[in-house]
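The values are calculated or read from the model by the stated rules, or taken from the named source; none is laboratory data. Bear in mind the structure is a predicted one, so any value in this text is a computation, not a measurement. So basically every Cβ, Gly included, is an ideal-geometry build from the backbone, and we count neighbours across all protein chains shown. The accessibility values were calculated without ligands, DNA or RNA, using every heavy atom of the protein model including side chains. Shrake-Rupley method; radii C 1.70, N 1.55, O 1.52, S 1.80 Å.
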Amino acid sequence: MTTPPNPENLVKLLNSVFGFARFRANQEPVCRAAIEGRDLLLVMPTGAGKSLCYQLPAIALGGTALVISPLIALMEDQVAKLVALTLRVARIHSGLDRSVSRQACVDYLAGALDFLFIAPERLRVPGFPEMLAKRPPALIAIDEAHCISQWGHDFRPDYRMLGQYLPALRNGSERVPILALTATATPTVQADIIAQLGMTSPARFIHGFRRDNLAIEVVELSVPQRASAICALLAHRDRRPAIVYATSRKHSESLAAELSQLMRAAAYHAGLDADTRERVQRAFQSGQLEVVVATIAFGMGIDKADIRTIIHAGLPGTLEGYYQEIGRAGRDGAPSRTFLMHSYADQRTHDFFLNRDYPPTDHLHQVFRMLGEDARPIDKLRSESKLTDEEFDKALEKLEIHGGARVDFGGNVTLGASGWKKTYAVQAQHRAEQFGKVLRFTTSSDCRMSALVRHFGDDADATQSCGVCDVCDPAGAILRLFRRATNTERAMAQSVIDELRAVDYKATGTLQRSLDPSGRTTRDDFEALLDAMIRASLIAIEDAEYEKDGEVKHYRKVHLTEAGLQTRNIASVELLLDDGIAEEFASPEAHNRARKTSKRDEVSAGHVTNRSTTQSTRRVESVLPHTLSADGEALAARLKEWRTGEAKRLRIPAYCVMHDRTLTAVAFVRPTNPRQLLEIDGIGPTKVEKFGPAIIEICEAKLITEN
Ligand code: ADP
Ligand code: MG
């Protein structure tokens, strides 16, 4: 390649070739880096428009782009789109006639192609890489690049071989950029991709993981409580359409049955026949079904923009999977909410799955020892094995993935390489660690969206809080309730501040032991207090780890924030503690239990005096249930009417204009100026600006008629 193409031409090509008016976020810098000949790693969520980031530079550079893609369906989809743009495209994969592949090679060598798509395993065919190398491509794009990494969730051994062929394909000195694209790669996977592909000082583009319209709520809820909470949540029409992710097929069936009594809901899981699944998917897509209760298998092919709620009725195995799933909500940009329900029981369920998906190495050894150079039928091996059929199949599957066994199309097995032990052990370990990250996500007091964005490696973006999750906006939470701290808790919080003032940081456990040597406070209660202090911006907690006996141990470091340092007297600070879930969502037993706790009574009593003596009434209103007078009720009704109109006008759900709880608080407080309005929880500056005048007018009108 002689002179690089002029970047100004990129927009012209974008219009003329692809018919797009403008670049989407982040596409342009990526295209520029590519035409400068830089290797690059591009991590953006599904649907962000990654394909264009190799397709446009390919056209700009001229020559043929070589695209490596792991799935035939994906490849066919891209090919069809490019053909429709009248570009010259060929593909080579196992689903095609040999003559088609041959013609593709001829065209490639003649320089008659803009794009050649190949499946990775093609490179193992003798002579094929050499054929490609005769005419270096303009660039090499590797789609779904996370498959290359054994840390990625779709590890493909064929992808792992790519690295060894690339130098030849790049044909020595000539600059042929390698573009690795993926929607899901944690920093570990990113590093692995770069190393495996031998990319040289690649540009990294990791963008677009923040979703402004998703409010994430994480709530601890025992398994028996979840069904009724889910029913109560989805009983609100505003919260549908919705997807509920269940932990097992049985679980999805039972939840769907319960929901069906209230709304149009159905189960969807891998145990249903293809027809049923297809029907459910179509019915959901078209709006006939409002709720689908699914196992992980649902959602891939869904292109539904108006999903308002995603509920996880149990903990997912990885944060990547979780992010993909919640990401299906609110594609239309309207506010949407996601709920993650968890409890200690989820860990046990997960251990069970882990053991099932990653059987003991010993099982793999047993199968490996049965293999030889001569191909033997699977059925025969299975019946000779001491393992159960299920165990045998799982072990063989794992052996094959990790290269310890080769299975041909006829179902015959031969011995593979012994290297499988290492990659298998590493991957099983990794899976366990991934779940550890999910657990830490649930217990963390960080902004939920920031935590996810950081997980994907966009550290710059992660510094910004979302403002709408249960951590950023506790009072806006729907399932979770918060209460004001008791006097005892306030005293303890004061000691935490005093204790930390003298040091850089302390481990949470050490801190608790020094403040409560007699051990009267349970660990959970202490953690809950720390969480409240984080929400009040007094302290910050960081995850840290150390190694002991070759094992990585996790702990949490707590230190004072600037605001914490300046706080001499805790009395001036609003401390909100987790108080379980809102009664309307609780099952009857939980409901009774909540009533029995004397804590809340104590809190309410303390609250009234507090309210008159401190200025800090912010967040107060939603913490306590309001008992409205008859006039208050009338005002609430008028506010509701107004809210319905606003929601219609703005085409958003009513609760996005204002929560019920907030609305009640407004009717209770009757604000007459924006400052008073701001003090009501659930109302921030944006809302004041947007709705303030209208709300105040309604409240004042009420006062006038009263007089
Ligand atoms: P990804 O690979 O990141 O999941 P795709 O590359 O398949 O996403 O793109 C998703 C959709 O966005 C495609 O239909 C594509 O045509 C469209 N698209 C990409 N870039 C633009 C753009 N600049 N303007 C309009 N649509 C675009
Ligand atoms: Mg793609």
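Condition check ((1) under 21 Å from Leu82 (Cα atoms); (2) at pLDDT 95 or above) across all residues:
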{"residue": "Met1", "(1), (2)": "no, no"}
{"residue": "Leu10", "(1), (2)": "yes, no"}
{"residue": "Leu14", "(1), (2)": "yes, yes"}
{"residue": "Asn26", "(1), (2)": "no, no"}
{"residue": "Val30", "(1), (2)": "yes, yes"}
{"residue": "Ile35", "(1), (2)": "yes, no"}
{"residue": "Arg38", "(1), (2)": "no, no"}
{"residue": "Ser51", "(1), (2)": "yes, yes"}
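What about Arg38, is it within 16 Å of ligand 2 (Cβ to nearest atom) and either basic (Lys, Arg) or without any contact (Cβ under 8 Å) to a residue 12 or more places away in the chain (or both)?
On the way: within 16 Å of ligand 2 (Cβ to nearest atom): no; either basic (Lys, Arg) or without any contact (Cβ under 8 Å) to a residue 12 or more places away in the chain (or both): yes.
So Arg38 does not fit the description; no.
Counting residues that are under 22 Å from Ala477 (Cα atoms) and among the hydrophobic types (A, V, I, L, M, F, W, C), which strands (runs of 3 or more DSSP E) fully inside the range 218-335 reach at least 3? Let's see the steps before the verdict.
Numbers: elements: 242-245, 265-268, 291-294, 309-312.
Because the criterion is at least 3 residues that are under 22 Å from Ala477 (Cα atoms) and among the hydrophobic types (A, V, I, L, M, F, W, C), the strands (runs of 3 or more DSSP E) in the range 218-335 that meet it are 242-245.
What single numbered condition from (1) buried (at least 17 other Cβ atoms within 10 Å of the Cβ); (2) modelled with pLDDT under 90; (3) within 14 Å of Leu40 (Cα to Cα) fails to hold for Arg175?
(1)
Kindly establish whether Ala21 is in contact (Cβ under 8 Å) with a residue 24 or more places away in the chain and either acidic (Asp, Glu) or within 14 Å of ligand 1 (Cβ to nearest atom) (or both). Spell out the reasoning first.
Numbers: in contact (Cβ under 8 Å) with a residue 24 or more places away in the chain: no; either acidic (Asp, Glu) or within 14 Å of ligand 1 (Cβ to nearest atom) (or both): yes.
Criteria not met by Ala21.
State which residue is nearest to Glu130 (Cα to Cα) when the search covers only the range 76-94 and only residues that are surrounded by fewer than 12 Cβ atoms within 10 Å (Cβ to Cβ) and not β-branched (Val, Ile, Thr). Spell out the reasoning first.
Start the filter on the range 76-94 by keeping residues that are surrounded by fewer than 12 Cβ atoms within 10 Å (Cβ to Cβ), which leaves 80, 84, 86, 94.
Add one more test, that the residue is not β-branched (Val, Ile, Thr), and what stays is 80, 84, 94.
On the way: Ala80: 27, Ala84: 31, Ser94: 19 Å.
Checked the range 76-94; the qualifying residue nearest to Glu130 (Cα to Cα) is Ser94.
Counting just the residues of the range 432-451 that are open to solvent by less than 50 Å² (accessible area, probe 1.4 Å) and without any contact (Cβ under 8 Å) to a residue 60 or more places away in the chain, which one comes out nearest to Arg211 (Cα to Cα)?
Applying the first criterion (open to solvent by less than 50 Å² (accessible area, probe 1.4 Å)) to the range 432-451 yields 432, 434-436, 438-439, 441-442, 444-445, 447-451.
From what is left, the residues that are without any contact (Cβ under 8 Å) to a residue 60 or more places away in the chain are 447, 450-451.
On the way: Cys447: 13, Ser450: 10, Ala451: 12 Å.
The residue in question is Ser450.
Each row is one residue, and each column tells you yes or no for (1) in contact with a strand residue (DSSP E or B) (Cβ under 7 Å, 6 or more places away or on another chain); (2) without any contact (Cβ under 8 Å) to a residue 40 or more places away in the chain.
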site: Pro136; (1), (2): no, no
site: Gly163; (1), (2): no, yes
site: Pro187; (1), (2): no, no
site: Ile194; (1), (2): yes, no
site: Gly208; (1), (2): no, no
site: Arg211; (1), (2): no, no
site: Ala215; (1), (2): yes, no
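If Gln27 satisfies all but one of (1) in contact (Cβ under 8 Å) with a residue 60 or more places away in the chain; (2) within 16 Å of ligand 2 (Cβ to nearest atom), what's the number of the condition it fails?
(1)
Within the range 523-533, identify whether any single residue is at pLDDT below 90 and part of a loop (DSSP other than H, G, I, E, B), and answer yes or no.
no
Considering the range 45-75 alone, what residues qualify as being within 12 Å of ligand 2 (Cβ to nearest atom), buried (at least 24 other Cβ atoms within 10 Å of the Cβ) and not polar (S, T, N, Q)?
Step one: of the range 45-75, the residues within 12 Å of ligand 2 (Cβ to nearest atom) are 45-55, 67, 69-71, 73-75.
Retained after the next criterion (residues that are buried (at least 24 other Cβ atoms within 10 Å of the Cβ)): 50, 53-55, 67, 69.
Once the filter is applied, which keeps residues that are within 12 Å of ligand 2 (Cβ to nearest atom), buried (at least 24 other Cβ atoms within 10 Å of the Cβ) and not polar (S, T, N, Q), the range 45-75 yields Lys50, Cys53, Tyr54, Val67.
Would you say Leu13 is farther than 25 Å from Ile148 by Cβ and away from ligand 2 (no atom under 16 Å from the Cβ)? Please lay out each step first, then the result.
On the way: farther than 25 Å from Ile148 by Cβ: yes; away from ligand 2 (no atom under 16 Å from the Cβ): yes.
Criteria met by Leu13.
Which one of Cys466, Cys472 is closer than 30 Å to Arg239 by Cα and at pLDDT 90 or above?
Working: Cys472 fails: at pLDDT 90 or above.
Only one candidate passes the filter, namely Cys466.
Which one of the conditions (1) more than 10 Å from ligand 2 (Cβ to nearest atom); (2) more than 25 Å from the chain's Cα centre (by Cα) does Gln78 fail to meet, given that it meets all the rest?
Only one criterion is unmet by Gln78, namely (1).
Name the residue, out of Arg454, Arg490, Arg448, that is under 19 Å from Phe205 (Cα atoms) and basic (Lys, Arg).
Working: Arg490 fails: under 19 Å from Phe205 (Cα atoms); Arg448 fails: under 19 Å from Phe205 (Cα atoms).
Within the list Arg454, Arg490, Arg448, the selection yields Arg454.
Which fully enclosed helices (runs of 4 or more DSSP H) of the range 353-406 have 3 or more residues being closer than 16 Å to Lys422 by Cα and out of contact with any Asp or Glu (no Cβ under 8 Å at 6 or more places or on another chain)? Let's see the steps before the verdict.
Values: elements: 361-370, 378-384, 389-401.
Once the helices (runs of 4 or more DSSP H) in the range 353-406 are filtered for at least 3 residues that are closer than 16 Å to Lys422 by Cα and out of contact with any Asp or Glu (no Cβ under 8 Å at 6 or more places or on another chain), what remains is 361-370, 389-401.
Do you know which residues across the range 176-215 are within 16 Å of ligand 2 (Cβ to nearest atom) and small (Gly, Ala, Ser)?
The answer is Ala180, Ala183, Ala185, Gly208.
May I ask you to list the residues in the range 550-579 that are aliphatic (A, V, I, L, M), assigned to a strand (DSSP E or B) and open to solvent by 60 Å² or more (accessible area, probe 1.4 Å)?
First, pick out the residues of the range 550-579 that are aliphatic (A, V, I, L, M): 552, 558, 560, 563, 565, 570-571, 573, 575-577.
Within this subset, residues satisfying the condition of being assigned to a strand (DSSP E or B) are 552, 558, 560, 576-577.
Selection gives Val552 alone.
For Asp660, work out the one condition from (1) of a type outside the set (Phe, Trp, Tyr); (2) closer than 19 Å to Ile478 by Cβ; (3) open to solvent by less than 70 Å² (accessible area, probe 1.4 Å) it doesn't fulfil.
Failed condition: (3).
If I ask for residues that are within 28 Å of Gln347 (Cα to Cα), outside any helix (DSSP H, G or I) and aliphatic (A, V, I, L, M), which ones from the range 437-496 would you list?
Of everything in the range 437-496, those that are within 28 Å of Gln347 (Cα to Cα), outside any helix (DSSP H, G or I) and aliphatic (A, V, I, L, M) turn out to be Val468, Val471, Ala477, Ile478, Leu479, Leu481.
Taking Asp114 and the conditions (1) open to solvent by 10 Å² or more (accessible area, probe 1.4 Å); (2) of a type outside the set (Gly, Ala, Ser); (3) touching a residue at least 40 places away in the same chain (Cβ under 8 Å); (4) within 15 Å of ligand 2 (Cβ to nearest atom), which numbered condition does it fall short on, given that it satisfies the others?
(4)
With respect to Gly416, is the statement that it is buried (at least 17 other Cβ atoms within 10 Å of the Cβ) and touching a residue at least 24 places away in the same chain (Cβ under 8 Å) true?
Numbers: buried (at least 17 other Cβ atoms within 10 Å of the Cβ): yes; touching a residue at least 24 places away in the same chain (Cβ under 8 Å): yes.
Answer is yes for this residue.
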